[in-house]
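Here's the structure, in structure tokens; my notes come after.
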Amino acid sequence: MDKNKLWKWLLLGFLVIWSITLVTPLDQKVKLGLDLKGGSSFVVEVDADDVAKKMVEAGEAESVEDISESKLKDQVERVQEIAVEVIRNRIDVLGTAEPEIYPEGDSRIVVRLPGADAETRAEAKAQMSRDAVLTFKLVHKESDLWVQELMTQGKIPHGFKLAGNGEFLIRDMEIADAELDRDFYEELKKFGDKRADFMLMEDRVRDGSKVYRPYYIERRKQLGGDTVNNAFVTYDQMTSVPKISLEFDKEGEKTFGNVTEQYGPTEDGSYRLLAIILDDKLYSAPRINEPIYSGRAEISGSFSVVEARRLVNVLRAGALPGRVKIVEERTVAPTLGQDSIDGGKKALIYGGAGVLVFMALYYMLPGLIANLSLVFVLLLLPVGMVVSAGFLGVLSGSLEGGAVSLPTLTLYGIAGIVLTIGMAVDANVLIFERMREEWKVGKSISGAINAGYNKAFSTILDANVTTLLVAIILFWQGSGPIRGFAVTLSAGILVSMFIVLVITRLFFNTMADVKLINSLKMMSISGLANASFDFIGKRKIAATLSILVIVGTWGLFASKGDANLGVDFTGGTVMAFEFDQKQDGDAVREALASVGFPSAKVAYESDVQGKEFLEVKVGASGEEAEPALTVVKALDGNYRDVKNDSVGSQIGAELKSKGIKAIIFALIGIIIYISIRFEFAFAMGAITALAHDVLITVGIYCAMGHELSMPIIAALLTIVGYSVNDTIVVFDRIREDLKLEKEKGKSYKEIVNLSINQTLSRTVLTSFTTLLTVVMLLIFGDGAVFDFALALCIGILVGTYSSIFVATPVVLFWHREEKVK
């Protein structure tokens with residue numbers, strides 16, 4: 001064996017061993033994404049307005065308007081950096097296994113909680129939503145006088161009314177608990193238009209009812225929560241009501257002693273109250289009776305035990321330096337995740353088995369070698385994923401996703417693996433068809449093998465480079481599971497190119513050298529082997545058909561408006577519930593209307609196992625959508641939420657923009673690449689075909705009642721990659737035929753038609769094998785994966801059609817009067 005072949009065998013052995021070590025043991029090395037394992041993910045964003053306000057309070061600027069955009073951006077990034085650690089400390093208290101918390105962009109933080117149940121999810125949201133900004137301020141000297149003036153004049157804050165002979169306020173029915181958030185308390189400060197902040201303190205009267213006592217609080221801070229060294233729950237010895245005890249550090253101990261000494265009782269009998277405020281809410285206002293030098297303080301209030309413990313946790317973890325808000329939330333129940341794993345496994349097994357059987361029967365011995373190459377593609381995929389994740393991470397300026405370790409496997413990652421199997425066959429089919437042609441003209445077995453590989457190389461390179469370009473754009477513009485799909489797709493491209501162009505050629509040449517292969521026996525499809533269809537002659541009929549489909553489906557699309565868009569793009573929440581006893585849809589709608597969602601969309605859906613789920617879609621997101629979740633879970637029949645996708649309107653607008661940009665960038669990249677590798681006319685043909693494919697796929701998909709989402713954008717980009725792959729095969733043959741001496745003098749139309757017929761067998765076979773794997777996803781996939789596979793299925797069929805009836809006629813239009821010279 002020559003040294004060149006020996007090194008290739010050794011390289012293959014090394015890569016296989018490395019790849020196996022990356023995934024063994026499976027339960028430790030392969031991390032499952034939330035869509036497979038179940039759990040919750042959140043995207044929280046630093047509130048730039050709040051950061052600007054705090055910069056003014058800290059004396060860094062006279063007003064918010066004086067803060068420059070660059071200075072605010074720098075401060076937001078600093079807040080983000082600190083907030084990551086604060087949130088990590090808070091989440092660690094919950095005991096969630098292997099939480100992922102990392103910054104994204106300049107102002108956002110991603111929090112992923114694998115396996116988190118509903119209780120843990122709710123607690124995590126509460127922990128992240130709290131600023132935990134603790135401040136000690138003085139109640140204003142004129143507080144009692146100013147409050148009495150308001151009561152006398154009948155000026156009462158909205159949502160409250162006077163009670164107890166004017167001593168306190170009680171809640172009006174007009175205001176709900178959910179409305180008493182930090183924004184409410186922030187706005188309440190302005191009430192009365194005084195030189196102090198108006199605040200309400202919750203209290204309980206003798207009959208146990210909740211009341212609110214009004215105070216005016218000085219704006220100057222006496223002491224901050226950053227001096228708190230420890231916090232813990234204690235209980236009142238008389239009432240057993242929980243309180244929060246604080247211990248200050250040395251600096252806090254000294255400052256607290258000075259404050260209580262300075263504002264203790266005076267000789268004339270007057271005294272001051274010390275307001276203890278947490279997240280703009282007044283919890284207590286105890287009287288300062290004497291100097292306190294012990295460095296201890298207590299926060300009393302109408303706490304429940306759970307709330308007291310939660311406050312202690314956030315105080316220990318530290319205050320957030322600026323407010324953060326949850327702008328995206330996605331939840332999958334563990335049971336639903338397991339169903340997705342089972343469906344993905346079946347799609348992988350049946351799709352892979354179908355391709356293996358077909359290749360073995362159709363191509364015989366070469367087909368068996370192709371099957372062996374597919375096994376090696378799957379074996380080396382872990383190495384490919386590590387390399388791809390690192391490459392894409394560096395290229396996008398982010399190493400998130402594991403530049404030096406195996407990326408997390410998501411449901412879309414499994415879809416990428418299934419698709420890789422179908423697309424990996426393409427290169428083998430190209431080579432085998434070329435080998436068949438060379439064998440027919442009388443070349444030796446070694447000559448036919450080498451000529452087949454050499455002539456197919458440029459086609460395989462061009463086709464895979466354009467698909468890789470799409471994967472890079474997907475990773476760049478996508479996030480989360482979409483990036484996982486991009487990593488898997490790019491890994492499949494790189495690994496399949498290496499295996500097909502290097503290793504299978506090594507197999508063939510080695511077998512030819514030792515005389516194990518003496519001929520190339522393959523089956524052929526009757527009517528395709530020497531096809532001579534007049535495709536170009538039917539181009540006008542095809543163009544009319546395409547225009548009718550586009551106009552018809554997009555007319556329907558326009559009439560539906562935003563109903564075509566999922567929450568990824570419009571913002572809102574989609575929830576899925578499993579149940580023991582089904583309630584009528586009208587009953588669900590009435591319940592939702594009772595809590596403020598009269599236009600909620602309600603539908604019962606079934607998965608591939610026939611299990612029925614309730615799907616609810618509302619226009620609100622985050623905390624605003626919580627009443628919808630609560631009211632459905634309160635229905636008779638034990639309704640349980642198994643999936644929850646909540647996207648803020650800002651995130652939705654950004655995702656829509658990213659989706660459009662991704663498609664535009666992919667098209668521009670393809671124009672540039674094909675113009676360089678071929679010529680501008682070919683680029684125009686490819687782009688026209690791609691635009692045609694995207695328009696028809698979206699039109700038909702939405703006409704079938706489905707909504708567009710980020711996964712569907714990923715499917716469209718995959719279709720773009722697949723379609724241009726198909727188109728390049730035809731273009732490459734046109735380019736080759738134009739150079740042949742025997743074709744001189746023929747019209748461009750004849751050459752184009754000849755090239756389409758020469759590649760027709762390959763076009764049919766690769767479309768069939770790719771569709772075989774995608775159909776398995778369609779059969780065994782649920783929910784979003786079913787939608788993803790459906791879009792792919794439509795796109796592959798349309799892409800096969802367009803490479804023949806759209807791309808090549810456009811090229812012909814550019815050269816319509818030319819003859820081959």
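The values are calculated or read from the model by the stated rules, or taken from the named source; none is laboratory data. Just so you know, these numbers come straight off a predicted model, no measurement behind them. Cβ coordinates were reconstructed from backbone atoms using ideal geometry, including for glycine residues, and neighbour counts include every protein chain displayed. SASA here: full protein model, heavy atoms, side chains in, ligands and nucleic acids out. Shrake-Rupley method; radii C 1.70, N 1.55, O 1.52, S 1.80 Å.
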*Picking from L556, V355, L34, whose Cα lies most toward the positive end of the charge dipole for the chain (charges on Cβ: Lys, Arg +1; Asp, Glu -1)?*
V355
*Among G637, L797, H158, whose Cα lies farthest out toward the positive end of the dipole of the chain, if unit charges sit on the beta carbon of Lys, Arg (+1) and Asp, Glu (-1)?*
L797
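For the range 199-300, what number results from the quotient of the Cα radius of gyration and 2.2 N^0.38 Å?
1.13
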_Isotropic mean projected area of the C-alpha convex hull, the range 1-126 (nm²)_ = 13.0 nm²
*Provide the per residue accessible area, probe 1.4 Å, for the chain, rounded to a whole number of square angstrom.*
45 Å²
*Report, by chain and number, residues whose modeled amide H sits under 5 Å from the one on T408, excluding near sequence neighbours (fewer than 5 apart, same chain).*
none
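Ignoring ligands, DNA and RNA, please state the percent of accessible area on the chain from carbon and sulfur, probe 1.4 Å.
Answer for the chain: carbon and sulfur cover 57 percent of the accessible area.
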*Cross-link partners of K538 among aspartates and glutamates (Cα-Cα below 19 Å; sequence separation of 8 or more within a chain)*: D693, E750, E817
*Residues whose placed amide H lies under 5 Å from that of E104, excluding near-sequence neighbours*: I109, V110
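Out of all DSSP beta bridges with both ends in the chain, state the antiparallel percent to the nearest 5. Working shown, then result.
Values: 80 of 83 bridges.
Within the chain, antiparallel bridges account for around 95 percent of the total.
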*asked:* How big is the dipole moment of the range 509-601 about its Cα centre under a simple scheme where the beta carbon of each Lys and Arg is +1, that of each Asp and Glu is -1, and everything else is neutral? Debye, nearest 20, please.
replied: 740 debye
*Above-threshold pairs, the threshold being 27 Å between Cα atoms, out of K582/K656; K210/K617; K601/K656*: K582/K656; K210/K617
_In whole Å, what are the extents of the range 13-55 along the principal axes defined by its C-alpha atoms, from largest to smallest?_
60, 25, 12
*Between the range 495-514 and the range 689-708, the alpha-carbon center distance in angstrom*: 39 Å
*Which residues' amide hydrogens lie under 5 Å from the amide hydrogen of I217, considering only partners 5 or more residues apart or on another chain, with H built in the peptide plane?*
H140, D197, F198, M199
*asked:* Which aspartates and glutamates, if any, have their Cα less than 14 Å from the Cα of K29, not counting same-chain residues under 8 positions apart?
replied: E98
*Between the DSSP loop rule and a limit of at most 16 other Cβ atoms within 10 Å, which trypsin sites (Lys or Arg not before Pro) in the range 526-633 are left?*
K582, K611
_24 Å Cα-Cα reach of K515 towards lysines, excluding residues that sit fewer than 8 places from it in its own chain_ = K3, K5, K8, K440, K443, K455
_Which residue, A52, G367, Y283, has the largest displacement toward the positive end of the dipole of the chain when charges sit on each Cβ (Lys, Arg +1; Asp, Glu -1)?_
G367
*To the nearest 20 debye, what is the magnitude of the charge dipole of the range 547-588 about its Cα centre, counting +1 on the Cβ of each Lys and Arg and -1 on the Cβ of each Asp and Glu?*
280 debye
*In debye, nearest 20: dipole of the chain around its Cα centre with unit charges on the Cβ of K, R (+) and D, E (-)?*
3920 debye
*In the range 192-291, which GluC sites (Glu not before Pro) are in a loop and have at most 11 other Cβ atoms within 10 Å, using DSSP for the loop call?*
E267
*Using per-residue counts of other Cβ atoms within 10 Å, averaged over each peptide, order 377-387, 139-149 from highest down.*
377-387, 139-149
_Inter-part distance where the range 142-166 and the range 349-395 are each reduced to a Cα centre, Å_ = 75 Å
_Can you pull out the chymotrypsin sites (Phe, Trp or Tyr not before Pro) in the range 195-281 whose DSSP state is coil and whose Cβ has at most 12 other Cβ atoms within 10 Å?_
Y271
*Once you've got the Cα coordinates, tell me which of K54/K125; K281/K633; K54/K137; K281/K643; K560/K611 are over 27 Å apart.*
K281/K633; K281/K643; K560/K611
